[in-house]
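The values are calculated or read from the model by the stated rules, or taken from the named source; none is laboratory data. Note that the structure is a prediction, hence the values are computed from the model and not measured. Cβ placement follows ideal geometry from the backbone for every residue including glycine, while neighbour counts extend to all protein chains displayed.
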Amino acid sequence: MINIQTYTVLLLLLLHSVYAKSQDDPDNIELTSSSETFEFQYNTKQKQVTIKQLIHKDFVCNSFRATTPFSEPFNNQEEITDLTILTDGKKNKNIVPAYDYLNIDEYFYSDQKICYFNLPFLKQGARNEINIEKVIHDPRYLTTIYFTDRFPARQKTITLIVPRWMNVDIHTFHFENQKIKTEKSYDKERDADIYTYTATNLAAMKKSAMSPGPSWIYPHLLIRSKSADYKGEKIAYFDTTDDLYKWCYNLTTQLHPDTAALGVKAREITAGIPDKFDQLKAIFYWVEENIRYIAFEDGLAGFRPDEAHEVMRKKYGDCKGMANLTKELLLRCGLDARLCWIGTNYILYDHSIPSLSDDNHMICAVQYNNKWWFLDATEKYMQPGIYAERIAGRQVMIENGDKCLLENIPATSAAQNARIFKESLAVEGNNMTGKIQYIYNGESKSDLLYTINMTKKDRVQTALEAYITNKNSHYKISNVTTTRLDQRDGDLEVNFDLLYPDAVSSFGKEMYIDIDYNKEYNNAVIDTVKRKTDIRFDSKNNYITETTLLIPTGYKMTSLPEDLHIATPHYKFDITYKAAGNNIIYRKQLQINDTYLPKAAFGDWNKAIAALTKKYLEQITLTQQ
Amino acid sequence: MYKSIVISALLFTYGLYAQAQSKQERAYQEEADQVKKEIQDVKDPAFAQTAIPEKYQHESAVILALKFSLDADHSRRKDHITTTLHERVKIQDKAALEEYSEFNIQKLKSSSWYRGYKLASFMGIRVIKPNGQQHNIDMNDAVSVKDEKNDKKQKIAIADLEVGDIIDYYVRINKDAANWFTNPDPLDYSIGEKYPILDFSLDVRIFRKMGVSWRYLNDDSAMLKHTKEDEDYVFTIHKKDVPKITDERWLYPNRSLPTLRLTYNGPREFVNGVNEEDIQEYLTFQIISKGPQYAAGATIMKEFPDVLHNYRKVNNKPDMSKREIAELAYYYIRYAALYREQPGTGADIEVGQNRKLYSPRAHFVANAFRQLLLKYDIETDLAAAVPRSVGTLQDAVSLDDLEYFIIAKPDDKPMYCYLGSMFSYPDELPTGLEGQEAYSVSVTGSKGAKRESFKKITLPVSTAAQNLDAEKLNITFNAENPQQLIIDRIIRTKGQYRYQYVALLLYEDMLREERHTLSMSTSLQQDLYADGSNRKRFAEYQAAFEKARKDMDETVNESIAGDYNTKPTNVSYYKIAEQGLESQHKPFTMQQTFTMDGFVKKAGNNYMLDIGKLITGQIELAPEERKRTYDVYMPFARTVSYEVYVNIPDGYTLEGAENLNKSVINSTGQFVSSAKIAGNKLVLNITKIYNHPYEAVGNWDQMMAFMDAASDFTKQKVLLKKM
């Protein structure tokens, strides 16, 4: 359990293959052609711009009959107005599409809905055509358009019909290494520019574990509607980042916090705490500790926060509600707290292209001592100034009256997350004994605190032991002590005594010692045949092990493995062995410096992992004198 | 124009729907208020409790009170079943907080009027703070996750719930269903939760005209009170301080926890257990002769004589014993019912893993079997037994608890003919029925003779020797890279163990083998229902077969990775030498050759082999598993054996073989390993045996002794020392 990261890599790679198997055979059902057309239209009655979207998908069954599920998402801003299914050229009236809320485990509630049904392919060569007509009621909600689909496509065409009264920017992403033809023409009748993008031979978009968000890896367009001027009727959308900000900010101005109740709570939390920074911490920790995170994606696609006093009363909220409560409580302490909109590292873009796709998260920022402190209470066990990988270095849009402030969350280094194991080992007979200290920092600390605090009280001790021993009952630990497990400040320390029977392999006069019990990243090879997407690690892991092994009397060290040094911009693996007097000093540091591992770096990663895995198999030899 | 009409029609119906909905919503609300009064106004002292005994201070949560009630009523040709779960829980940590912080509710579900099915549920939640303050959760705060007229699902997050609080909630489910279609669901209530319960009560009331069959298991029978009140049968249980359930491995709740089983027996009576006469009547006269006919039944009767004739000719067996005929009939029926494609229009072509899971309907198969054997003067009995996980034969409360199968009597030895899957053998019972008592009745002969024949029998149990998984490993160190092992592995399995390898078989190969063994004269296309006007299907089958074969590489890789907890570096050879589809053939045998890294450690010029890791799949018991409360129910007695040959490379000697001799033998089982050096080979033999499928909890220490020995063995190493 301790090398969670290692297991995750392996497990996820395994899972990936299972997942891939449960999907349709990509060669069996294929899109012969697929197109999406978006036409900006002006609704003179409602005086607003809408977008008519026509989707056409033509599927063929290449080898054997099968039924495949089909779904199309929609929501309150995006309506499906017509849908027809043609099976082998004839209108298929047997299929009754169901319209339902999308139920995803991660979300308590989402207003995202889907229209879904099963598409039957009754024989080899069978075809199904789907035509869907949608209306997008507000151009702000037309953001990304992807070329790739759940099925492989021989051809995909995206067409945008943009009347000259509409001011739109089209940004393209990941067109390199793709066959995408771009054309632009002018339609006189419509007085519109027509942009056509035709891509050919697209592989299916497959979910795989530890993947970066889709905007990082798949070819797509990002549409930014700037403004409209229809016969003198002017509408401004997102021309500048400030326009985006105003739109988001406007949703928060509709909030009416119960300042009295919030004030009472703020005073209660900070009672007896004179120092402002300590107050800041007290408020932040109170929200982390007392507000359960429940994801709501409701109303205006999840941009409007819940009232702070309501979150406080209910003791649960989503990121928006938690950010808002943090802010309101801090304001009551006289601190300069603001709401922030941020895109986590799941998203490729910053706010330089103003779009509703820029942000997927909200946090709170506090100006204290001429410095911005960014507080994300959804992290549950984080300290101020320590940043989770998903937000570290990301650009934030900070609430600031009429004009927003753009700042970046401080970038973090692996040093923040140091997880240090200090082991003092001795050999007794064939057993290994020792005193061991584990010290956790940064994300390694918050992850462990979260895991322990979510474990049943009566199982905490055994869970902690299982975590330390990797569920190996032969690795016997005793006298386990820890620093307080409900405490976010300071180091998290775990101390214990070790008795590891038969850990030492003795044959004749020789004794072989495997000095490293926790073999992080052991065998964490990436399957380069199956893996189609880049990898995003959860955090900048930094595993340090410092071991001193006392050579037993009557023995001398006869062989030590060689050191290992591998350094790339993405990671660094360092292992050294030293003999010093009657001690052997082992030091290991495995450090992830860049959590984004592109496919091009997989080969080097695998080589490094192979070397590391081999190193883990090397023993220290002691010989009787 | 057309479109606008459609839209206005939609608007119109939407309006109607909205009106209907509000009416429906009002009716729901009224009933919800009623339910709330009924449950929360009762002053039950158990539900006023707030104190936790000292011994439970360290539990994640404590159930202060739990009450389960069921009320079954019948009127206007409908059964009305009302169940209520009322629970009061003290939340003592965040894990429990998380668990009780959200609820899903199927608020409403109904189906078309003719089935008359309607379900409505009502929930009420109250949070009680340590200072005694309490607040009710407003159920109107629930969000809809499905909102259709006939299907409404909601979710609610509990506001202001913290560690230290008490959550007191109930769920009431009203279910109405027309009774001429099916009986209401039976009740199997086992008492015990993952948290301790301070006060448990159960209250079941059944309208007497509905009739009830019941059993109360694994507890002092006096704990269950049953009375007749007005028009109802009433059952009540009241228990104090019910411990939490911690045993999870090899536990059958129905065999170990206090359990109330109950079904409605129609307008009959009050029966403890099931009425033996009913079973006799049913077995003797109903399921076989009146039972529905198998769709393929006629074909089976017509085709088998040809199959038999052909089989005799091909195998040069003019004189087949009755037993041989019965066995052939078994395999033929298995083939006709499962292997062969049934006429009809299958929407999908399924030749992958799911295909192998097809199972037949017991009644149909039993009937086809009986009729077929009758033709060859082979007498048959029909038998019925209760699966081990459900209980003993006496624990049955309805005919639905029974599983049926035929016992053929070709000679003086009975032949148990249970057909559960494509892999079933004649004379082999599913593990769930082994050793159980069964009723048997002759289904040939006169009415009187049939009646006479009704008796109780005990079904045979397979032995540890019969259920064998034998693995032979030949281990070579890669000459260029001694840290890499080349493993030749042969797995041979017999008996119940062979089901573990079903995923490694290909339906295409199974089909071919069965067609060959049965000497089928039909064409493959005919058997796949891909001939004549359907002949185009055959190409699709071939494509699907090809894909399944391609997918098998991955399955094999995953299976090896699963066994060794490490992915093989490369799999160079894989073969199913024997599919083991028929008991008279050689047992299932699989060969694999693959390379593995990570099992050989380097120590200077020497190498250390983690030989124990080659003994895969050993159970390492978690600390909480070592203390056991309940008896041990395993699927079957079994033997696992390893025969390992380690080829010692030239220039090295092997040390440490003497440490590999271990032996723990007791009445529950054994783990024995022995090693010797023979020439340039280390030969290691291991046998692990679980003697019985069942052990009383008192034997747990003995079981742990040999299981621990096996687990310890996985840490063993040997040294290759450079000469």
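Could you check how many residues of region A:479-528 are part of a strand (DSSP E or B), more than 13 Å from every other protein chain (Cβ to nearest Cβ) and of a type in the set (Ser, Thr, Tyr)?
Summing the residues that are part of a strand (DSSP E or B), more than 13 Å from every other protein chain (Cβ to nearest Cβ) and of a type in the set (Ser, Thr, Tyr) in region A:479-528 gives 2.
In region A:574-604, how many residues are touching a Lys or Arg at 6+ places or on another chain (Cβ under 8 Å), among the hydrophobic types (A, V, I, L, M, F, W, C) and part of a strand (DSSP E or B)?
6
Residues A:Lys607, A:Lys540: which one is farther than 28 Å from A:Leu425 by Cα and either modelled with pLDDT under 95 or in a loop (DSSP other than H, G, I, E, B) (or both)? Give the derivation first.
Working: A:Lys607 fails: either modelled with pLDDT under 95 or in a loop (DSSP other than H, G, I, E, B) (or both).
Exactly one residue qualifies, and that residue is A:Lys540.
Given the structure, is A:Ile145 in a strand (DSSP E or B) and within 25 Å of the chain's Cα centre (by Cα)? If you could, list the steps in order and put the result at the bottom.
Values: in a strand (DSSP E or B): yes; within 25 Å of the chain's Cα centre (by Cα): yes.
Yes; evaluated as a whole, the condition is true for this residue.
Is it true that A:Ala415 is among the aliphatic types (A, V, I, L, M), surrounded by 15 or more Cβ atoms within 10 Å (Cβ to Cβ) and outside any strand (DSSP E or B)? Spell out how you get there, then give the answer.
Details: among the aliphatic types (A, V, I, L, M): yes; surrounded by 15 or more Cβ atoms within 10 Å (Cβ to Cβ): no; outside any strand (DSSP E or B): yes.
Considered against the rule, which asks whether it is among the aliphatic types (A, V, I, L, M), surrounded by 15 or more Cβ atoms within 10 Å (Cβ to Cβ) and outside any strand (DSSP E or B), A:Ala415 comes out as no.
Going residue by residue through region A:519-531, is there one that turns out to be of a type outside the set (D, E, K, R), free of Cβ contacts under 8 Å to residues at least 12 places away in the same chain, under 18 Å from A:Met210 (Cα atoms) and out of contact with any helix residue (DSSP H, G or I) (no Cβ under 9 Å at 6 or more places or on another chain)?
Kept after step one, since they are of a type outside the set (D, E, K, R), are these residues of region A:519-531: A:521-526, A:528-529.
Checking which are free of Cβ contacts under 8 Å to residues at least 12 places away in the same chain leaves us with A:529.
Among the residues that remain, those that are also under 18 Å from A:Met210 (Cα atoms) are: A:529.
Checking the rest, the ones that are also out of contact with any helix residue (DSSP H, G or I) (no Cβ under 9 Å at 6 or more places or on another chain) come to A:529.
Among the residues of region A:519-531, at least one is of a type outside the set (D, E, K, R), free of Cβ contacts under 8 Å to residues at least 12 places away in the same chain, under 18 Å from A:Met210 (Cα atoms) and out of contact with any helix residue (DSSP H, G or I) (no Cβ under 9 Å at 6 or more places or on another chain), which makes the answer yes.
Which of the residues spanning region B:332-371 are more than 14 Å from chain A (Cβ to nearest Cβ), among the hydroxyl-bearing types (Ser, Thr, Tyr) and either touching an Asp or Glu at 6+ places or on another chain (Cβ under 6 Å) or over 17 Å from B:Ser424 (Cα atoms) (or both)?
So the first thing to find is which residues in region B:332-371 are more than 14 Å from chain A (Cβ to nearest Cβ), and the list is B:332-340, B:342-343, B:356-371.
Those still in the list that are among the hydroxyl-bearing types (Ser, Thr, Tyr) too: B:332, B:335, B:339, B:358-359.
Of everything in region B:332-371, those that are more than 14 Å from chain A (Cβ to nearest Cβ), among the hydroxyl-bearing types (Ser, Thr, Tyr) and either touching an Asp or Glu at 6+ places or on another chain (Cβ under 6 Å) or over 17 Å from B:Ser424 (Cα atoms) (or both) turn out to be B:Tyr335, B:Tyr339.
Checking the structure you have, find out if any residue of region B:83-90 is within 14 Å of another protein chain (Cβ to nearest Cβ), at pLDDT 95 or above and under 30 Å from A:Ala295 (Cβ atoms).
The initial filter retains those residues of region B:83-90 that are within 14 Å of another protein chain (Cβ to nearest Cβ), namely B:89-90.
Restricting the remaining residues to those that are at pLDDT 95 or above gives B:89-90.
If we keep only those that are under 30 Å from A:Ala295 (Cβ atoms) too, we end up with B:89-90.
Taking every residue of region B:83-90 in turn, at least one turns out to be within 14 Å of another protein chain (Cβ to nearest Cβ), at pLDDT 95 or above and under 30 Å from A:Ala295 (Cβ atoms).
From the list A:Thr81, A:Thr50, which residue is within 14 Å of chain B (Cβ to nearest Cβ), assigned to a strand (DSSP E or B) and not charged (D, E, K, R)?
On the way: A:Thr50 fails: within 14 Å of chain B (Cβ to nearest Cβ).
So the residue among A:Thr81, A:Thr50 that is within 14 Å of chain B (Cβ to nearest Cβ), assigned to a strand (DSSP E or B) and not charged (D, E, K, R) is A:Thr81.
In region A:96-124, what count of residues is obtained for those that are more than 32 Å from the chain's Cα centre (by Cα) and within 9 Å of chain B (Cβ to nearest Cβ)?
5
Here are A:Trp216, A:Trp247: which of them is modelled with pLDDT under 95, assigned to a helix (DSSP H, G or I) and under 33 Å from the mean Cα position of the chain (by Cα)? Spell out how you get there, then give the answer.
Details: A:Trp216 fails: modelled with pLDDT under 95.
Answer to the check: A:Trp247.
Kindly indicate whether any position in region A:98-105 is surrounded by fewer than 17 Cβ atoms within 10 Å (Cβ to Cβ), out of contact with any Phe, Trp or Tyr (no Cβ under 8 Å at 6 or more places or on another chain) and of a type in the set (A, V, I, L, M, F, W, C).
Among the residues of region A:98-105, at least one is surrounded by fewer than 17 Cβ atoms within 10 Å (Cβ to Cβ), out of contact with any Phe, Trp or Tyr (no Cβ under 8 Å at 6 or more places or on another chain) and of a type in the set (A, V, I, L, M, F, W, C), which makes the answer yes.
Counting only residues that are farther than 30 Å from A:Ala377 by Cβ and out of contact with any helix residue (DSSP H, G or I) (no Cβ under 6 Å at 6 or more places or on another chain), how many does region A:466-476 have?
Let us first name the residues in region A:466-476 that are farther than 30 Å from A:Ala377 by Cβ, namely A:469-476.
Still in the running and out of contact with any helix residue (DSSP H, G or I) (no Cβ under 6 Å at 6 or more places or on another chain): A:469-474, A:476.
Qualifying residue count, region A:466-476: 7.
Select from region B:629-684 the residues that are under 39 Å from the mean Cα position of the chain (by Cα), among the polar types (S, T, N, Q) and outside any loop (DSSP other than H, G, I, E, B) and list them in ascending order.
B:Thr639, B:Ser641, B:Ser663, B:Asn666, B:Gln670, B:Ser673, B:Ser674
Quick grid of which residues meet (1) facing chain A (nearest Cβ under 10 Å); (2) at pLDDT below 95; (3) within 17 Å of A:Tyr109 (Cβ to Cβ):
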position	(1), (2), (3)
B:Ser112	no, yes, no
B:Ala120	no, yes, no
B:Ile125	no, no, no
B:Asp138	no, yes, yes
B:Lys152	no, yes, yes
B:Ile166	no, no, no
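Under the condition of being charged (D, E, K, R) and modelled with pLDDT of 95 or more, which residue from region A:521-537 is farthest from A:Leu498 (Cα to Cα)?
So the first thing to find is which residues in region A:521-537 are charged (D, E, K, R), and the list is A:527, A:530-532, A:534, A:536.
Next, only the ones that are modelled with pLDDT of 95 or more stay: A:534, A:536.
Working: A:Asp534: 40, A:Arg536: 35 Å.
Among those that are charged (D, E, K, R) and modelled with pLDDT of 95 or more, it is A:Asp534.
Of the conditions (1) facing another protein chain (nearest Cβ under 9 Å); (2) crowded, with 20+ Cβ neighbours inside 10 Å; (3) of a type in the set (A, V, I, L, M), B:Ala622 clears all except one; give me its number.
All conditions are met except number (2).
Just a yes or no: is a residue in region A:213-227 of a type outside the set (Phe, Trp, Tyr), surrounded by fewer than 18 Cβ atoms within 10 Å (Cβ to Cβ) and in contact with a Cys (Cβ under 9 Å, 6 or more places away or on another chain)?
No, region A:213-227 has no match at all.
Being part of a loop (DSSP other than H, G, I, E, B) and among the basic types (Lys, Arg) narrows it down to one of B:Lys688, B:Lys715, B:Lys721, so name that one. Explain how you work it out, then say what you get.
Working: B:Lys688 fails: part of a loop (DSSP other than H, G, I, E, B); B:Lys721 fails: part of a loop (DSSP other than H, G, I, E, B).
The unique qualifying residue is B:Lys715.
Considering only region B:526-581, state which residues are within 11 Å of chain A (Cβ to nearest Cβ), among the basic types (Lys, Arg) and part of a loop (DSSP other than H, G, I, E, B).
Within region B:526-581, B:Lys536, B:Lys567 qualify.
Within the set of pairs 6+ apart or on separate chains, which have a first residue in region B:42-53 that is more than 12 Å from B:Ser201 (Cβ to Cβ), a second that is polar (S, T, N, Q) and crowded, with 16+ Cβ neighbours inside 10 Å, and C-beta atoms under 8 Å apart?
Once the first residue is more than 12 Å from B:Ser201 (Cβ to Cβ) and sits in region B:42-53, its partners that are polar (S, T, N, Q) and crowded, with 16+ Cβ neighbours inside 10 Å give B:Ile52/B:Gln92.
Can you tell me which of (1) basic (Lys, Arg); (2) touching a Pro at 6+ places or on another chain (Cβ under 7 Å); (3) within 14 Å of chain A (Cβ to nearest Cβ) is the one B:Arg492 doesn't meet?
All conditions pass for B:Arg492, except number (3).
With touching an Asp or Glu at 6+ places or on another chain (Cβ under 6 Å), surrounded by 19 or more Cβ atoms within 10 Å (Cβ to Cβ) and either within 18 Å of A:Met210 (Cβ to Cβ) or within 14 Å of another protein chain (Cβ to nearest Cβ) (or both) as the only criterion, which of A:Leu617, A:Leu612, A:Leu590 stands out? Walk me through how you get there before you give the answer.
Values: A:Leu617 fails: touching an Asp or Glu at 6+ places or on another chain (Cβ under 6 Å); A:Leu612 fails: touching an Asp or Glu at 6+ places or on another chain (Cβ under 6 Å).
Criteria check complete, one pass: A:Leu590.
What number of residues within region A:373-411 are under 19 Å from A:Asp242 (Cβ atoms), in a strand (DSSP E or B) and hydrophobic (A, V, I, L, M, F, W, C)?
Selection size over region A:373-411: 5.
Condition first: closer than 23 Å to A:Ile584 by Cα and either surrounded by fewer than 19 Cβ atoms within 10 Å (Cβ to Cβ) or within 14 Å of another protein chain (Cβ to nearest Cβ) (or both). Now tell me which residues in region A:437-467 satisfy that.
Our first condition is that a residue be closer than 23 Å to A:Ile584 by Cα; within region A:437-467, this holds for A:437-439.
Result: A:Gln437, A:Ile439.
Condition first: modelled with pLDDT of 55 or more, in a helix (DSSP H, G or I) and more than 30 Å from B:Ile173 (Cβ to Cβ). Now tell me which residues in region B:1-58 satisfy that.
As a first pass, look at region B:1-58 and keep what is modelled with pLDDT of 55 or more: B:20-58.
Subsequent filtering for residues that are in a helix (DSSP H, G or I) retains B:20-40, B:45-48, B:54-56.
Answer for region B:1-58, where residues must be modelled with pLDDT of 55 or more, in a helix (DSSP H, G or I) and more than 30 Å from B:Ile173 (Cβ to Cβ): B:Glu54, B:Lys55.
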